[in-house]
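Asker: The structure follows.
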Amino acid sequence: MSPPAGPAAARTPWQRPELSDVTADVIADAFGELVTAADRAALSGGFAENIARSTRAALTTGIAGWLDDDLAFVRDWGFSLDQVTVPVSVWFGDQDAMVPRAHGAWLAQHIARAEAHPLPGDGHLTLVHTRIGEILHDLARLAATALSA
């Protein structure tokens, strides 16, 4: 069975009205099935509060931005991946229900200068929570490489 395509495929948490005033103690539940066990474990303390605060801020003017972001999953991006000529770093976890591992692997295969960083045990949010230093270091390395070329 093929996955749904088009706007109908973009069924996401922003459709839940409780997200506009979500708090840290319920953020994982508010995102429902998009939060895997790995991500649920990361959603505590200050990190959970930051995600809740960011979610509330993102929705203060409505859902248009979030919807546009989600529709990018199912619409043409306006360029071909073979046009990407700069170095790219693609980080993805195998416990990510928001952007599945297969999508990260596909991107890494279809961008000529992509470096794939598949991370067993990581979800979507764990990448930000536990690996942001590694990711930023890697991006700085790629930027320095691109600038020196």
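The values are calculated or read from the model by the stated rules, or taken from the named source; none is laboratory data. For clarity, every value in this text was computed on a predicted model and none was experimentally measured. Here Cβ is always computed from backbone atoms with ideal geometry, including for glycine, and neighbour counts include all displayed protein chains. Ligands, DNA and RNA are excluded from the accessible area calculation, which covers all protein heavy atoms including side chains. Shrake-Rupley method; radii C 1.70, N 1.55, O 1.52, S 1.80 Å.
Asker: Could you give the size of the charge dipole of the chain about its Cα centre, using +1 on the Cβ of each K and R and -1 on the Cβ of each D and E, expressed in debye and rounded to the nearest 20?
Answerer: Computed about the Cα centre, the dipole is about 180 debye.
Asker: Among 43, 116, 61, whose Cα sits farthest toward the positive end of the charge dipole of the chain (+1 at Cβ of Lys/Arg, -1 at Cβ of Asp/Glu, about the Cα centre)?
Answerer: Value computed over the given set: 116.
Asker: Of the peptides 123-134, 22-33, how do they stack up when ordered by the mean number of other Cβ atoms within 10 Å, highest first?
Answerer: 123-134, 22-33
Asker: In terms of the ratio Rg/(2.2 N^0.38 Å) built on C-alpha atoms, what value belongs to region 44-99? Kindly include the intermediate steps, with their values, before the conclusion.
Answerer: Numbers: Rg = 15.4 Å, N = 56, 2.2 N^0.38 = 10.2 Å.
Cα Rg divided by the expected 2.2 N^0.38 Å: 1.51.
Asker: Report the Cα centroid-to-centroid distance between region 36-56 and region 74-139 in angstrom, as an integer.
Answerer: With region 36-56 and region 74-139 each reduced to a Cα centre, they are spaced 20 Å.
Asker: Continuing with the same structure: Relative to the longest principal axis of the C-alpha atoms of the chain, give the angle of the C-alpha long axis of helix 45-58, reported between 0 and 90° and rounded to the nearest 10°.
Answerer: Result, in degrees: 90.
Asker: Can I ask one more? Keeping the other protein chains in place, figure out the carbon and sulfur percent of the accessible area of region 86-141, with a 1.4 Å probe. Don't jump to the answer; show the numbers that get you there.
Answerer: Working: 1900 of 3080 Å².
Carbon and sulfur atoms account for 62 percent of the accessible area of region 86-141.
Asker: Order these peptides, 143-149, 114-120, by their mean beta-carbon neighbour count within 10 angstrom, highest first.
Answerer: Per-residue mean Cβ counts within 10 Å order the peptides as 114-120, 143-149.
Asker: Can you show me the helix-derived [θ] at 222 nm for the chain, built from DSSP H runs with n ≥ 4 at -39,500 (n - 2.57) apiece and divided by the number of residues, rounded to the nearest 500.
Answerer: Numbers: 6 runs with 67 residues, N = 149.
Helix-only estimate at 222 nm: -13500 deg cm²/dmol.
Asker: In addition: For Cα Rg over 2.2 N^0.38 Å, pick the label among (i) 1.56; (ii) 1.01; (iii) 1.13 that corresponds to the value derived from the coordinates.
Answerer: (iii)
Asker: Averaged per residue, what accessible area in Å² does the chain show with a 1.4 Å probe, protein chains only?
Answerer: That works out to 60 Å² for each residue.
Asker: While we're on this one: Once the piece of chain linking residue 72 and residue 29 is laid out straight, how much longer is it, given 0.36 nm per residue of separation minus the C-alpha distance between them?
Answerer: 13.0 nm
Asker: Right, another one. Using only Cα atoms and rounding to the nearest 10 degrees, what angle (0 to 90) does helix 101-110 make with the longest principal axis of the chain?
Answerer: Around 30 degrees separate the two axes.
Asker: Estimate the FRET efficiency between residue 18 and residue 49 by the formula 1/(1 + (r/R0)^6), using the beta-carbon distance for r and 22 Å for R0, to the nearest 0.05. Before the final figure, lay out each step's value.
Answerer: Values: r = 16 Å, r/R0 = 0.75.
My answer for the efficiency is 0.85.
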